[in-house]
Amino acid sequence: MDLIKNRKILIVDDEYEIRVMVEGFLRKEGFFRIYTASDSQTALALCRAEKPDIAILDVMLPDLDGFELLTQLRTFTPMPVIFLSARGEDEDRLLGLGLGADDYVVKPFLPRELLLRITAVLKRVYMPIPSEQFPVFHLGEISVDLESATVHKDNREYPLTAKEHALLVKLYESRGRIVTIDALCQAGWGDDGTSYENTLMVHIRRIRSKVEADPSNPQHLLTVRGLGYKLVLKE
C-alpha cells in the first residue's frame, strides 16, 4: 500500500463546502483516512483520539482561531500543519509559519496546488530515509536527536516540527560549512523554495530557541551575512 496515501489527514474548516471539496479531491487521489472538523475543540479531540499525520487548518474558526489552535496542538504533537486561509497578508502568513506551520495556502486556491503541497509535506516527513542520516549530536550541553526529532535542553524535551527537522538535517549535513539561503529554502520548501527567504528567517529563530543556550547570542547556528547559515559543533 502507498505509504503516503495511507496517512491520516485532518481537515479543519468552518465552511462545509470547503471541507467537502478538500475531502472529495483527496479521496479521488487515493487518500482514504480523512477526518474533518468545523471548530477547534472538535479538532483537538480528533487529534488526541486519532493522531492524524497532517492537519489542514483554516485560520478563521468559530471558537479559537487557527493560530491559537496550532499553539495548542504543539503542546502534544509535532505533526505537520498547512494553513488554508482567506487571510493572505504577509503578517498573517509569517505568523502562521513562525508558529511552526509547514505551509500557508491562500483562498481561493486550486485543488491541484493544495494536493501537491500536502503530498510534498507528507513525503518530506514520512518517506523512509536511511537512519544514518539521523544522528544524535551535541551543541554544548544541548542534545539534538534527529532520529526522534527532539531536542533535550535543561532537562526538558522539545519536539522539532517537520520544517525545523528538514532544515537541521540540511545544516548538519554541511556542519562547519556555509549553507546558502537558497539551499536551505530548497531543503525546506522544494523547487519553489527561493521565495521563502523571510519565512526561513522565522524558522531559524525558532530552531535557535531550542538548540541555543542563549538564542539571542547564538554560538552554534550562526548567520553568515549575505550568504546563509552555518551549524558549528563545538563544546
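The values are calculated or read from the model by the stated rules, or taken from the named source; none is laboratory data. Every value quoted in this text rests on a predicted model; they were computed, and no experiment measured them. Counting neighbours? That spans all protein chains shown, and the Cβs are built from the backbone with ideal geometry, glycine included. When the accessible area is computed, the model is the full protein with side chains, heavy atoms only, and any ligands, DNA or RNA have been set aside. Shrake-Rupley method; radii C 1.70, N 1.55, O 1.52, S 1.80 Å.
At-a-glance table
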| quantity | calculated |
| --- | --- |
| Isotropically averaged projected area of the stretch 1-70, using the convex hull of Cα atoms (one quarter of hull area), nm² | 4.4 nm² |
| Simple label model, 7 Å out from Cα along Cβ direction - ASP145 to LYS5, nm | 3.4 nm |
| Mean Cα-pair separation over length for the stretch 63-192, i.e. relative contact order, pairs under 8 Å, 6 or more apart, % | 18 percent |
| 25 °C / 0.890 mPa s Stokes-Einstein diffusion coefficient of the chain, Kirkwood radius on C-alpha pairs, µm²/s | 134 µm²/s |
| Probe 1.4 Å, all protein chains present, accessible-area order of THR75, THR119, THR199, largest first | THR75, THR119, THR199 |
| Extension gain, ASP14 back to VAL136 (0.36 nm per residue minus Cα-Cα distance, nm) | 39.8 nm |
| Accessible solvent surface per residue of the chain, calculated while the other protein chains remain in place, 1.4 angstrom probe, Å² | 49 Å² |
| Unit Cα scatterers, Debye sum, the stretch 4-126: log10 I(q)/I(0) for q = 0.10, 0.12 Å⁻¹ | -0.25, -0.36 |
| Among the listed pairs LYS8/LYS28; LYS8/LYS153; LYS123/LYS230, those beyond 23 Å (Cα-Cα) | LYS8/LYS153; LYS123/LYS230 |
| Loop sites in the stretch 34-137: GluC sites (Glu not before Pro), DSSP, at most 10 other Cβ within 10 Å | GLU89 |
| Chymotrypsin sites (Phe, Trp or Tyr not before Pro) within the stretch 1-38, DSSP loop, no more than 16 other Cβ atoms inside 10 Å | PHE32 |
| Alpha carbon convex hull of the stretch 136-231, volume per residue in cubic angstrom | 89 Å³ |
| Of the chymotrypsin sites (Phe, Trp or Tyr not before Pro) in the stretch 60-121, those whose Cβ has at most 12 other Cβ within 10 Å and which sit in DSSP loop | PHE76 |
